[in-house]
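Engineer: First the structure, which I've put down as structure tokens, then a few questions once you've had a look.
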Amino acid sequence: MSALQKRFQYLFSVLSVLLLIVIAAGVYAWWQMRGSLAQLDGERGLSGLSASVQIERDALGVPVITGATRADVARALGFLHAQERYFQMDLLRRSGAGELSELFGKAAVDFDKSHRLHGFRRTAEKCVAQLSPAERAVLTAYTAGVNSGLAALPKIPWEYLVVRTPPQPWKMEDSFLVIYAMWFDLQDWRGDSEQNLRAVRQTLGTPAMNFFAPPGDSWDAALDGTTFPPAPLPPLRLKPAAEEKPTASHGEPPSDVILGSNAFAVSGAHTAHGAAILANDMHLGFSVPHIWYRAEFNWRDERGAHRVDGVTLPGTPAMTVGSNGRVAWGFTDAYVDTTDVIIAETDSIGQIQYRTPRGWVDIEDRTEIIKVKNGEPVTFIARWTEWGPIISGPDDGKYFVMSWTAHAPEATNFTAMELETATDTEAAIGIMHRSGIPNENALIADADGKVAWTIIGKIPRRVGYDGRLPVSWAFGDRKWDGWLKPEEVPVIRPADGLLWSGNQRAVGGAALALVGDGGYDRGARASQIRDDLRTLAASGKKITPADLLGVQLDDRAVFLERWQKFLLEVLTDEAVAKKKERAVLRDAVRTWNGHASPDSAAYRLVRAFRSHAAERTFKPFFERAEESYARFSWRRLQYEDALWQLVHDKPVRMLNPAHQTWDALLLAAADDVLADVDKAGVTPAKFTWGRFNTLKMQHPFSRFLPGPLARLLDMPATQMAGDSNMPRVLNPGHGASERLVVSPGHEAEAIFHLPGGQSGHPLSPYYRSGHEAWVKGAATPLLPGPAQHTLVLKP
């Protein structure tokens, strides 16, 4: 045998050994992971039950839980949540408490500091202490069920093998911490809305703030029909340019994404059976596993039998949204004003005191110890006032303090569980007004045909100011004076039987003065839903669940229609003659089909043109605001009317000095689009929306893995229809977290789908179950199908 052959033989032997090691490691990992799969069939003892509970799973893994009491159902639900979603629950509670560093080490310390500042673990313990007897019984049973479900797994959940940290038991306060994680997700806990406005007013003045950031605009779609008059051009004057100054684009601009949801309802007057219909798709960030867990609850009490279908939030025992056969309910983020930035004057020497109406008071320093995996604990000092924690400063002898509804223990409770047995719309309204969750627009539909809108959650009563800008509370003339009474919270029962919510301002006048403005979304999406509903109602046909699913899937680009026409006006024959690439751009824009469809290049081109035009128009106005507030973003402002007026009226005194004329600015914005196309390495005709709007629904671990392994954990990267200014909201990492259309009492006709799957375990048959239906918008049923697996939990 030659030396070369020996070398090859040696190399082959080494590679063979390495391959065997890889295979053995894979088999071992597979075996370890299989040990944490949920039990689907058979019998299992579960202490604390009053009677046996039956759990039937259908082909998608949706459980039908049938128990003797609501507490038994909660105990079984806790068991299921732990077996299929424990790591997700753990991340939520740790996010709410600021304790992720215990799992992920020093990389999470800054995140933990930002959340630990609010002290929600202490608040959660107070929430537990104030539970009603009925709520305590359910939460106690749920907590025990969670710990039993975790202990029943042959192996700890597979994610803990990866992070090399054992799971910690569930506590009752942890369920409140899950809700506090949602407070962080859904509300302006940094005070960005107020501080953005303050930065504009300080650098440009009040007239400019009213123009660039009005409380409403021409797209408003308030339920009560109220509108705001347009603000006049502010007295601003920019120095004109001596010559055109070329400025480069920084790439395709980001979206104007505001976290929100859609909900709408039609009364029984518009349906064949006389019962109302509710539609709800809540918009959240995408992840794997996804946030919701489907279930059906069945139990009996002194009022009779109960059945509730919908989605639950792992870590909590309640049905979040759904239908109980008599009442259906759904939510969208309300954006009422539940946070205020307070300017606190400090003493000039040690900055250890702040001024209050009672005089100077010491700042309270709360010591927080952040445990860090594989590292030393980090000591963090959270500085508090009687109004809330200090979030920044000192700045010119002043601190900025965050007063937030969430800080009050009474603002978070499990009273919303009573919706599971509400008998009609009026009963549901009463429950909403006693409930404590992050404030939502609540839409209600009942079997008698009635519909209503109101706000769920505590709303502060402001005295002396409107809450749009930071103010001082030092003298007692401006403050929060408790909460609005239930009878003060606005309720709308529409005469025409139509309701819509897309995170827009819902009310005006005195009602708006009560609930405040927490940064409403522009009304483009809501107005399109409203107009869709009015079209259906005027058609002369009875409205069906399929009709409302059609509204949810409406991807017509109504908001950008005028911008498509405007871009063609900008691309004149003269402009095209000066730069041949503009001709190709114009041809692509002319292919406009009016939809945010994956194959549409025109949609993406027009969208980018509007954004680039906005950037070039606003740049000289907001440069100082960006310096004034580090988190400033003009994209959070309701700027559409201001932008449209400026690019059409073309006031010379408000022209960006980098350009000699407004026409030059607009052509530069069109050229920015061409630069985006060139950067993508395609022609304008191939610059399709789907190339940008590709689903990015990832497991937390996949970003650390090579592509082939990451794809085993992630949902497919599908090109999707939809965008943020239309009913079908979808961006790569954000969109409809579920779609529900249901008429109480007619659940057999209801429609539901969910991204991702029921299980958080990649080896489970339910890891991706139902995801394809969500991608396609298929009309799949809400009610679970025939049982494929049956598990009986026995006392």
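Engineer: Taking strands (runs of 3 or more DSSP E) that fall entirely within the range 689-795, which contain at least 1 residues that are of a type in the set (S, T, N, Q) and farther than 27 Å from D256 by Cβ?
Structural biologist: Values: elements: 734-736, 739-742, 751-753, 789-794.
Counting at least 1 such residues, we get 789-794.
Engineer: Then there is this: What strands (runs of 3 or more DSSP E) completely inside the range 293-395 contain at least 3 residues that are of a type outside the set (S, T, N, Q) and in contact (Cβ under 8 Å) with a residue 12 or more places away in the chain? Let's see the steps before the verdict.
Structural biologist: Details: elements: 293-301, 304-312, 319-323, 327-333, 339-345, 353-356, 359-362, 364-370, 378-385, 388-395.
So the answer is 293-301, 304-312, 319-323, 327-333, 339-345, 364-370, 378-385, 388-395.
Engineer: Do we have L131 as open to solvent by 10 Å² or more (accessible area, probe 1.4 Å), in contact with a Gly (Cβ under 7 Å, 6 or more places away or on another chain) and not in a helix (DSSP H, G or I) here? Give the derivation first.
Structural biologist: Details: open to solvent by 10 Å² or more (accessible area, probe 1.4 Å): yes; in contact with a Gly (Cβ under 7 Å, 6 or more places away or on another chain): no; not in a helix (DSSP H, G or I): yes.
When the stated conditions are applied, L131 does not pass them.
Engineer: Taking only the range 150-161 into account, find how many residues are under 29 Å from the mean Cα position of the chain (by Cα) and either farther than 26 Å from I369 by Cα or not in a helix (DSSP H, G or I) (or both). Reasoning before the result, please.
Structural biologist: Going through the range 150-161, the residues under 29 Å from the mean Cα position of the chain (by Cα) turn out to be 150, 157-160.
If we keep only those that are either farther than 26 Å from I369 by Cα or not in a helix (DSSP H, G or I) (or both) too, we end up with 150, 157-158.
Within the range 150-161, residues that are under 29 Å from the mean Cα position of the chain (by Cα) and either farther than 26 Å from I369 by Cα or not in a helix (DSSP H, G or I) (or both) number 3.
Engineer: Kindly indicate which of S724, S769 is under 30 Å from W563 (Cβ atoms) and surrounded by 19 or more Cβ atoms within 10 Å (Cβ to Cβ). Full working, then the answer.
Structural biologist: Values: S769 fails: under 30 Å from W563 (Cβ atoms).
The unique qualifying residue is S724.
Engineer: Among helices (runs of 4 or more DSSP H) lying entirely in the range 58-123, which contain 2 or more residues that are among the aliphatic types (A, V, I, L, M)?
Structural biologist: On the way: elements: 70-97, 101-104, 109-116.
In the range 58-123, the matching helices (runs of 4 or more DSSP H) lie at 70-97.
Yes or no, residue by residue, for (1) out of contact with any Asp or Glu (no Cβ under 6 Å at 6 or more places or on another chain); (2) in a loop (DSSP other than H, G, I, E, B); (3) open to solvent by less than 10 Å² (accessible area, probe 1.4 Å); (4) free of Cβ contacts under 8 Å to residues at least 60 places away in the same chain:
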residue	(1), (2), (3), (4)
R635	no, no, no, no
A658	yes, yes, no, no
L666	yes, no, yes, no
A669	yes, no, yes, no
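Engineer: Give the range 291-309 a look and list any residue that's under 19 Å from G78 (Cβ atoms) and either among the aromatic types (F, W, Y) or out of contact with any helix residue (DSSP H, G or I) (no Cβ under 9 Å at 6 or more places or on another chain) (or both), or say none.
Structural biologist: W292, Y293, R294, E296, F297, W299
Engineer: Report the residue count in the range 374-419 for those that are in contact with an Asp or Glu (Cβ under 6 Å, 6 or more places away or on another chain), open to solvent by less than 60 Å² (accessible area, probe 1.4 Å) and farther than 22 Å from R358 by Cβ.
Structural biologist: Going through the range 374-419 one residue at a time, the tally reaches 3.
Engineer: Which pairs have Cβ atoms under 7 Å, sit 6 or more apart or on different chains, and link a residue in the range 99-119 that is within 20 Å of I391 (Cβ to Cβ) to one that is part of a loop (DSSP other than H, G, I, E, B) and open to solvent by 10 Å² or more (accessible area, probe 1.4 Å)?
Structural biologist: Sorted first by the residue in the range 99-119, then by its partner, the pairs are A108/L100; V109/V372; F111/L100; D112/E99; D112/L100.
Engineer: May I ask you to say which residue of N210, N196 is open to solvent by 40 Å² or more (accessible area, probe 1.4 Å) and within 16 Å of R468 (Cβ to Cβ)? Steps first, please.
Structural biologist: Details: N196 fails: open to solvent by 40 Å² or more (accessible area, probe 1.4 Å).
Being open to solvent by 40 Å² or more (accessible area, probe 1.4 Å) and within 16 Å of R468 (Cβ to Cβ) holds for just one of N210, N196, which is N210.
Engineer: In addition: From the residues in the range 680-717 that are touching a residue at least 24 places away in the same chain (Cβ under 8 Å), of a type in the set (A, V, I, L, M) and open to solvent by 60 Å² or more (accessible area, probe 1.4 Å), which one is farthest from A557 (Cα to Cα)?
Structural biologist: In this case the residue turns out to be L712.
Residue by residue, here is whether (1) in a loop (DSSP other than H, G, I, E, B); (2) basic (K, R) holds:
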{"site": "L512", "(1), (2)": "no, no"}
{"site": "G518", "(1), (2)": "yes, no"}
{"site": "K541", "(1), (2)": "yes, yes"}
{"site": "V558", "(1), (2)": "yes, no"}
{"site": "K565", "(1), (2)": "no, yes"}
{"site": "V576", "(1), (2)": "no, no"}
{"site": "A583", "(1), (2)": "no, no"}
{"site": "A602", "(1), (2)": "no, no"}
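Engineer: Can I ask one more? Could you check, for the range 395-409, whether at least one of its residues is in contact with a Cys (Cβ under 8 Å, 6 or more places away or on another chain) and closer than 20 Å to T123 by Cα?
Structural biologist: Pass one, the range 395-409, residues in contact with a Cys (Cβ under 8 Å, 6 or more places away or on another chain): 409.
Among the residues that remain, those that are also closer than 20 Å to T123 by Cα are: 409.
For the range 395-409, residues in contact with a Cys (Cβ under 8 Å, 6 or more places away or on another chain) and closer than 20 Å to T123 by Cα: present.
The values are calculated or read from the model by the stated rules, or taken from the named source; none is laboratory data. Here the structure is a predicted model, which is why all the values come from computation and not from measurement. Glycine also receives a Cβ, built like all others from the backbone with ideal geometry; neighbour counts cover every protein chain displayed. Areas reflect the complete protein model, heavy atoms only, side chains present, ligands, DNA and RNA absent. Shrake-Rupley method; radii C 1.70, N 1.55, O 1.52, S 1.80 Å.
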